[in-house]
Amino acid sequence: MNEEADFSPVVIKKNKVKEESNNNEYTTEEINDIQVFEEKKKNIFQLKEYLIQDRHIIKDIKSTEVLEWRIKDKLKTSSILIAMCLNIGVDPPDLIKVEPTSILECWIDPNSHELSKPIDDIGNALKNQYEKLQPRARFKLCLDPTADDVKKNALLLRRHGKKERILFHYNGHGVPKPTKNGEIWVFNKNFTQYIPLPLHELHQILSAPTIYVFDCSASGLIVKNLLEIAEKDELEELIILAACSKKENLPQNENFPADLFTSCLTTPLKTALHWFFYNNKMIEGITIDMINNLPGKENDRKTLLGELNWIFTAITDSIAWSVLNKNLFNKLFRQDSLLANLFRNYLLAERIMRSVNCTPISFPKLPETHNHPLWNSWDLTVDVCLSQLPGLFKNKNIEYTVSSFFSSELTEFQIWLDYGEKKGSPPHLPILLQVLLSQQYRLRALTLIGRFLDLGAWAIDLALSVGIFPYILKLLQSPSNELSKILVFIWAKIISYDKSCQKDLIKDSAHIYFVNVLKNTSNDYSLRTLSCFILCSIIDDHTAGQEACLQINGIFSIISQQLNCEDPLLKRWLCF
C-alpha cells in the first residue's frame, strides 16, 4: 500500500454460518422502515465476512495476547513528600570540596543575600517544579527535618493516598553520605547532630507503590539496601531513581547546579540546554542569559521553547521505545503521567550524569541509553534552533522558524516503509504520535500509520502498544473531512484486530462518526463499506453497541436507501 493508498476493502470468507431467524416480529412503525432491508437481507448471503486479508489474520499471536496493549491497572501518583537536608552554610564532614564548586539548588543560589529563608525558597521551588509534572498532587515539605518529621508526614500521605503511588524525594547535600546499611541522614531537634533514618522504618510506612528519588553521594548504597528490605510482592510496584552508584560522589562542576540529578528530572529542557551550551565550543553569539530566557511558552509548540519541549518528549519516548520491551515501556511511560515524565527525564540524566563521571541507577534497571543515536538528532535540532537566538533577541519582530525535525522523521519513516526490512519495531512510532498533535503534519502522519498497520497484525499490535489508541480515538471528534478516509481505514484495521474496541467507541459516542460517513452518499463505496464494517463490528455480540446504534435517528432509512447501490460489497455489509 503506497502513501496515496487505495483503501478499497478486500473481503475473505470466514467459515462460520450466521443463522437467520424466521420469527422476527416488528411493530407497524418498524415495518415501514425496514421492509426493504429484510427482503434484501434474506437473498444476499449467509456467510459472515471480515474486511481483512490473509496476512492480517492473527496467526502468530495467541488470542490471550491480543489485549496486552491495554494497561490493566493504571496507578497515579497522588502524593509527593520532599525531604531536603541542606544545612546551608555548613559542609558535611565527609565532603571534599573543590573550588570553584557548584552552588545552585533548584536554580537558586542559597548564599544570596536577597533570600531571608533560602531553605524555604528552595523547597518551594522544587515543589513548583513537581507541580508542573503532576498539578493535582498533595505535597508535604520536610526542610532540614528530624526523623520524626519525615515519618509523620510519610504516614499522613500514605493514609490519604491509600493504595495510590507516593513519591519520596530526598536531597542529602548537607548531610554525610548514606551508611553502609543504606541509612539516610537527617537532624536532631536542636539541629546539632546528624541522625540516621533507618530505611526499613521509612519503607514500612510508605510501602508500595512508591517512587523513591535519591539525590546524594553514594546513593547506590540506599538502592541496594532498599531492594533487600522490600518484599518480593512489593518489587513490582517499587520505582527507584538514584543519582550515582555506591562508590561515587556527586559532581561539583561550577557550570551546573549542585542538584544536577534533580534538575535533569524536574527541569529537563533547561538542564539539557545548559549542558549543550557548556559542552559545545562552536556556539557563537549566544550567551547563557539567552539560554535562560528562551522566547515562547512550553505549551506553545509554535514557539522556540515549546517546540524544543515537544521534540524532547518525542525523542526520549522513542529512545525508551527502542530499548525496552512492551510491558516495561507501558508500565513506565504510559501508566502514570508523572512517572512517564520522570523516566523521560531520567534518560537525560543518564546522559548528563555520565558526562560528569556519575552513573545514575534506576529500578527497574534500564539499558544504557547515553550513547543512543537519537541524542545526535537532539543535538542537531538544538544547534539549529539556538542559532536563531541572536536574531530573535535583536529584533522582536522576527518570527521563529520552526524546526524540520518532525518533517525529517516522517520522511525517514516513509523510506523505512518503502525500502526497509519489515521486521521488528521501527523507532519512529512514538514520534508519529507526537506529530499527530500538530495539524500541519497530521494527515501525512496518519497516512504513514495506515501504511504501517496494513503490514499485518504484528504492526497493529505494535501501534496499539506504543499508545496510538487515545490519539486515534480523539481524532474522531475532528470535523476535518480530509482525515475521514484514512481515519476510517485505520479504525477498520484496529477493530478487526481487537473487537473489544467496540466498547471504547460506544463509550465516547464515536460510532456516530462512522454513521455520518455511511450516511454521506457522496463518499465513495469503499469508504462507506469500511464504515459499515466498523458499525457491524460494534454491534456484533455487543448489546450496548446494538442499543446505541438503534438509538440513532433514521438508522434504518440510512441503510435501506443504499441497498440499491451498485457496489455488491457495500450491499453485503449493509445486510449484516
inquiry  = Tell me the angle of helix 484-497 to the major Cα principal axis of the chain, expressed in degrees between 0 and 90 and rounded to the nearest ten.
reply    = 90
Entries of Lys331/Lys422; Lys519/Lys571; Lys97/Lys177 with Cα pairs more than 18 Å apart = Lys331/Lys422
query = What is the helix-to-structure angle for 442-453, meaning the angle in degrees between its Cα long axis and the longest Cα principal axis of the chain, kept from 0 to 90 and rounded to the nearest 10?
reply = 70
query = Asn188 label point, 7 Å along Cα→Cβ, cut-off 17 Å on backbone N: hits in the stretch 87-105?
reply = 93
note = So for R0 = 30 Å, FRET eff. of Ile195-Leu235 from the Cβ-Cβ r, to 0.05, ends up at 0.55
key: Principal axis dimensions, largest first and in whole angstrom, of the stretch 279-322 by Cα   = 36, 26, 13
inquiry  = Using only DSSP helix segments of four residues or longer, with each worth -39500 (n - 2.57), what per-residue ellipticity at 222 nm results for the chain after dividing by its residue count and rounding to 500?
reply    = -14000 deg cm²/dmol
query = Within the accessible area of the chain, what % is carbon and sulfur when the probe is 1.4 Å and the other protein chains stay in place?
reply = 48
inquiry  = Along the Cα→Cβ direction, 7 angstrom out, place labels at Lys422 and His160. What is the inter-label distance in nm?
reply    = 5.3
message = If you consider only alpha-carbon coordinates, what radius of gyration and Dmax does the stretch 436-576 have, in Å?
response = 14.7, 42
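With a probe of 1.4 Å, find how much accessible area the stretch 420-536 has per residue, and write the answer as a whole number in Å².
Spelled out: the 1.4 Å probe surface of the stretch 420-536, per residue, equals 35 Å².
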request  = Work out, step by step, the length gained on full extension between Ile71 and Leu380: first 0.36 nm times the residue separation, then minus their alpha carbon distance; give nm to one decimal.
outcome  = 107.8 nm
ask   = Looking at the stretch 482-576, which GluC sites (Glu not before Pro) are in a loop (DSSP not H, G, I, E or B) and have at most 14 other Cβ atoms within 10 Å?
value = Glu566
Estimated Rh, the stretch 118-232: Kirkwood, alpha-carbon pairs, angstrom = 14.8
note = In whole percents, the bins of 10 Å from zero upward hold the Cα-Cα pairs of the stretch 228-359 as 11, 35, 36, 14, 3, 0
query = Mind checking the angle between helix 220-229 and the chain's longest principal axis? C-alpha axes, 0 to 90 degrees, to the nearest 10.
reply = 60
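Nearest 5 percent is fine: what portion of the DSSP beta bridges confined to the chain is antiparallel?
30
Relative contact order of the stretch 325-443: what whole-number percent is it, with Cα pairs under 8 angstrom and at least 6 residues apart?
Value for the stretch 325-443: 12 percent.
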Residues of the stretch 376-418 with amide N under 18 Å of the 7 Å Cα→Cβ point at Asp300 = 386, 388-403
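So which of Lys132/Lys297; Lys365/Lys474; Lys162/Lys326 end up more than 23 Å apart by C-alpha?
Pairs exceeding the cut-off: Lys365/Lys474; Lys162/Lys326.
The values are calculated or read from the model by the stated rules, or taken from the named source; none is laboratory data. Keep in mind the model is a prediction, meaning the values are calculated, not measured. Methodologically, a virtual Cβ is constructed for each residue, glycine included, from the backbone with ideal geometry; neighbour enumeration extends over all protein chains shown. Just so you know, the surface numbers come from the protein's heavy atoms only, side chains and all, with ligands and any DNA or RNA stripped out. Shrake-Rupley method; radii C 1.70, N 1.55, O 1.52, S 1.80 Å.
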